[in-house]
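Below is one structure, written out as structure tokens; the observations come after it.
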């Protein structure tokens, strides 16, 4: 029995071994087939998740955060703070005197209006223009002009801000500079402004409808209501003779683009005459008001014939150096009155009255002395006039040459009994100066400054006469 079981066990073991081998062989044969079927079966795609595209960021709405006031270097300063840099337009309006600031549409986080106790700025108010622009109007207590307007960037301690500096100005100069625009003259809004929805908003909308004044060169200068009208210094108006240099066949200096001195001087002279007449203190007379040629001596003779109290000759310069620019003024040099003075003395001895003295009734020696004294007195008065005109040009931000008040022997300055000054308005040899000299805005600016200088001169003369 034991032997039988042993044989059986051995037989079963051999069978198991053979069976295992058989299974291995079958599996080896079937496995490639099974794998091929698996590969042929369509595989399910894994779901794909798409990241939503980022929405384009909208521009940050403009916010007006604060309106502040102060002083800087003796000038009144307005500071408007924003949440971002802005484009702006700043200009003046008259009747009454105002400063206007135009901005893109924005939200007010600061008061929209306010009253002030400042001498120069009485208050401000705001509204929306038809195209959506925001307009801020500052009511001025007296004529004042923008000396500078600029944006400052954001810093660690300050928001972006618009800075506007104001300096006092005469009535004449304020009127002359009404066409000035600081910033972007062509600033436009996005479209139609929203209709006002309250009485206050409607009022704000009405006060915002003033438009930018057109810089018309020939527009008459208007007086400002509410401002004291100027009166003559004495019992009569002073006669101011204005001499536009060159003319006719004599073009004077010629600049880039064909700009001619004779045209520029006539335009400035006409603007100066308008502003002088507007004061009510002066009668302005031009040696020429058209494009004609007049000899230098005839200009001087005309000044004496109309009994001019002052003689102002207007010119423009040109030199070989294109980088030089700036205005200058000349009075007669003491060392320049040689041959011309002798010729004048001979002429006046034969006929004429100089400085109220009849030279023909005097001996030659006395006449020479009297003429010399008269000319020296008028030369001193001319220097005084030149001093005040130079100061007025500086005060009104007209660019000047170094040592701008000079002495020379110009023939038109040699009237023996009329204080005279010759003003070189700039250089036609400089491309930037050509643009300036042909600009009606500059014509108004320099004319207003000259009027201020003439006013200061006569105030001084009258104060000396009272001593």
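The values are calculated or read from the model by the stated rules, or taken from the named source; none is laboratory data. Computed from a predicted model, the values in this text were never measured in an experiment. All Cβ positions, even for glycine, are placed from backbone atoms using ideal geometry, and neighbour counts span all protein chains on display.
Just a few scattered comments:
- Members of the range 121-138 that are within 18 Å of residue 69 (Cβ to Cβ) and more than 20 Å from the chain's Cα centre (by Cα): 121, 122, 123, 124, 125, 126
- From the options 383, 378, 460, residue that is assigned to a helix (DSSP H, G or I), at pLDDT 70 or above and farther than 25 Å from residue 302 by Cβ: 460
- Scanning the range 399-416 for residues that are in a loop (DSSP other than H, G, I, E, B) and surrounded by 22 or more Cβ atoms within 10 Å (Cβ to Cβ) yields a count of 3.
- Only one entry in 460, 435, 445 is surrounded by fewer than 16 Cβ atoms within 10 Å (Cβ to Cβ), out of contact with any strand residue (DSSP E or B) (no Cβ under 8 Å at 6 or more places or on another chain) and under 24 Å from residue 145 (Cα atoms), namely 435.
- Some residue of the range 197-205 being at pLDDT 55 or above and part of a loop (DSSP other than H, G, I, E, B): no
- Comparison of 280, 258, 308 shows that the only residue that is out of contact with any helix residue (DSSP H, G or I) (no Cβ under 6 Å at 6 or more places or on another chain) and surrounded by 17 or more Cβ atoms within 10 Å (Cβ to Cβ) is 308.
- Filtering 230, 236 for residues that are exposed (fewer than 12 other Cβ atoms within 10 Å of the Cβ), closer than 30 Å to residue 415 by Cβ and at pLDDT below 85 leaves a single hit, 236.
- Pairs linking a residue in the range 296-311 that is farther than 11 Å from residue 240 by Cβ to a residue that is assigned to a helix (DSSP H, G or I), with Cβ atoms under 7 Å and 6 or more positions apart or on different chains, are 296/411; 296/412; 297/411; 299/412; 300/412.
- Among residues of the range 160-187 being more than 28 Å from residue 275 (Cα to Cα) and crowded, with 17+ Cβ neighbours inside 10 Å, the one that is modelled with the lowest pLDDT is 187.
- Among the conditions (1) in a strand (DSSP E or B); (2) at pLDDT below 90, residue 58 misses just one, which is (1).
- Hits in the range 417-432 - residues which are part of a loop (DSSP other than H, G, I, E, B) and either touching a strand residue (DSSP E or B) at 6+ places or on another chain (Cβ under 7 Å) or within 27 Å of residue 379 (Cα to Cα) (or both): 417, 418, 419, 428
- Considering (1) closer than 19 Å to residue 253 by Cβ; (2) modelled with pLDDT under 95, the lone condition that residue 264 does not fulfil carries the number (2).
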